[in-house]
Amino acid sequence: MAELPDFVSIREVGPRDGLQNEEPIPVDAKVRLLDALSGTGVRRIEAVSFVHPLAIPQMADADEVWRRATKADGVRYSALVPNTRGAQRALAAGFTEIEVVVSASDTHNRRNVNRSTDESLDDIAELIDLLHGVSARVEVIVATSFGCPYEGDIDPWRVAGIVDRVVRDGADRVAFGDTTGMATPRRVRDLLTAVRDRNAHVPVLLHFHNTRGTALANLLTALELGVTEFDASVGGLGGCPYAPGASGNLATEEAVHMLHDMGVDTGIDLAALIEVAELAEELLGKKLPSGVLRAGPRTRLTPMPS
């Protein structure tokens with residue numbers, strides 16, 4: 001096994017990516033979840049998205065949720081936006097870390113934002129200029145990087161070409177979304193090889209879904225290839241409204257449990273995180289996919305010495 005890093009940064013995406021695929025819950029419940037996550041030691045949280053309420057009604061109250069949330073010291077909060085209007089709302093709310101998304105699959109991009117991938121890339125170039133003009137940082141998320149529910153396999157070199165374009169346009173960082181859980185360790189290697197061939201210097205984050213049960217295997221493969229930043233969602237919440245069959249994200253507590261047992265620190269208190277996952281189940285009124293929630297107290301590990 002390749003040498004593993006001492007520390008991995010996990011961005012918690014439950015409050016946004018997780019909740020957008022669930023039945024809408026009240027503002028109070030969203031704020032409770034966001035505030036509880038802020039107290040677990042997680043250092044990055046994707047808090048809300050500023051989208052049209054007809055497109056994603058679960059995020060219709062993003063402004064109020066963010067206004068009422070407690071902003072914890074030491075936590076970096078970000079917001080997802082689909083267009084200029086969303087970016088303006090995020091900036092007005094006080095966000096300085098903004099995510100924009102484009103799909104590697106043209107069909108998925110049209111289903112998601114009603115335009116082609118190339119049209120989205122043109123819009124993103126303008127958004128980057130707008131956001132840099134007010135000193136905000138921009139992360140471009142490439143959805144369907146490992147496969148598409150409509151088009152099937154995605155050529156890694158197509159994804160690498162999208163990275164070429166957004167880096168040239170000034171993106172501060174890039175992320176790759178496994179929107180339907182089609183990623184495998186082989187696909188992770190192929191994608192990272194293609195992207196790093198021309199843009200080895202660009203900060204990379206990976207976002208895995210667990211549709212086919214491969215999320216932890218993919219995380220480990222990426223770790224061995226030097227990636228140290230990942231998205232995960234408390235309880236395994238999430239999916240994609242425009243990806244039929246997509247199940248939840250990699251569960252944050254499952255990722256933290258595995259990493260800590262391997263001697264890789266995350267800064268996250270696993271016991272506190274499990275309590276938040278239990279809170280999420282209470283707020284949503286249903287069981288969540290996470291296996292750690294069902295495995296008993298011995299899963300509440302602290303990092304082993306490396």
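The values are calculated or read from the model by the stated rules, or taken from the named source; none is laboratory data. What you are looking at is a predicted structure, and each value in this text was computed from that prediction instead of being measured. Virtual Cβ from ideal backbone geometry, glycine too; neighbours counted across all protein chains shown. To get the accessible areas, we keep the full protein, side chains included, count just its heavy atoms, and leave off ligands, DNA and RNA. Shrake-Rupley method; radii C 1.70, N 1.55, O 1.52, S 1.80 Å.
For region 96-118, the tally of residues that are within 20 Å of HIS52 (Cα to Cα) and in contact with a helix residue (DSSP H, G or I) (Cβ under 8 Å, 6 or more places away or on another chain) stands at 10. Just one of the listed residues (GLY267, GLY248) is in contact (Cβ under 8 Å) with a residue 40 or more places away in the chain and either open to solvent by 20 Å² or more (accessible area, probe 1.4 Å) or on the phi > 0 side of the Ramachandran plot (or both), and it is GLY267.
Per the listing LEU293, LEU273, the residue uniquely in contact (Cβ under 8 Å) with a residue 40 or more places away in the chain, among the aliphatic types (A, V, I, L, M) and crowded, with 23+ Cβ neighbours inside 10 Å is LEU273.
Do we have VAL227 as at pLDDT 95 or above, buried (at least 21 other Cβ atoms within 10 Å of the Cβ) and of a type in the set (Val, Ile, Thr) here? No; evaluated as a whole, the condition is false for this residue. From the list GLY39, GLY94, GLY86, the lone residue that is at positive phi and among the small types (Gly, Ala, Ser) is GLY94.
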